[in-house]
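Single-structure report; data block below.
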């Protein structure tokens, strides 16, 4: 690729592309018939919301929230847990006051249900990025990410993702306690009981409870009762 061709890719052209994409999706939403499958509408709403967040114009985060929250409700009703979690990620990225509530609601679903491990890791990484350096919450989230990758993935996919979650743990340990090597990491994990899921999973639940602060968007007891018994 020539230098002049590279210069064609500018922030202005990228923004124009997003604005055109937004207009197209808004037109499709307006043209949708009332009898369209709810999940088809929800998918288009999420796409539209994501573009709005990227553009970041005044009023767009609020509009994106409305679209993504409606999509979340549709996916929740159809028990499409993975898409519901992705809706929560979109809601979180609006950075509106209730974004933390969205993160907590999405995290609970991402951990409770066997959704794609990388979707769950995305939500856990959101928590890590939003947590103060010295907070144990980030450490617990990193441990859960590593555990879910081991639990839900197999073969080469498992190995590659667990390599990433190991790095995630190392970075959290460094910012939390200035951990620099493997020996220190092992000591740090033992000290915080991050090797025992019977300890760190309930702690993750406490972190999520703090995020949501009672503003649950679904009945957790009902959802637990519907879970298959292994």
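Quick notes on this structure:
- Screening residue 72 with (1) in a helix (DSSP H, G or I); (2) more than 18 Å from the chain's Cα centre (by Cα) gives one miss only, at (2).
- If the condition is being under 19 Å from residue 213 (Cβ atoms) and in a loop (DSSP other than H, G, I, E, B), then the range 97-128 contributes 97, 98.
- Between 127, 153, the distinction of being in contact with a helix residue (DSSP H, G or I) (Cβ under 6 Å, 6 or more places away or on another chain) and surrounded by fewer than 20 Cβ atoms within 10 Å (Cβ to Cβ) belongs to 153 only.
- The set of residues from the range 183-206 being under 24 Å from residue 103 (Cα atoms), touching a helix residue (DSSP H, G or I) at 6+ places or on another chain (Cβ under 6 Å) and assigned to a helix (DSSP H, G or I) comprises 197, 200, 203, 204.
- The range 129-148, residues that are within 16 Å of the chain's Cα centre (by Cα) and outside any helix (DSSP H, G or I): 130, 131
- Residues considered: 169, 121, 192. Of these, the only one that is surrounded by 15 or more Cβ atoms within 10 Å (Cβ to Cβ), within 14 Å of the chain's Cα centre (by Cα) and not assigned by TED's automatic domain parsing to the domain that holds residue 68 is 121.
The values are calculated or read from the model by the stated rules, or taken from the named source; none is laboratory data. Quick caveat: nothing in here was measured; it's all calculated off a predicted structure. Reconstructed Cβ throughout: ideal geometry from the backbone, glycine too, with neighbour counts over all protein chains shown.
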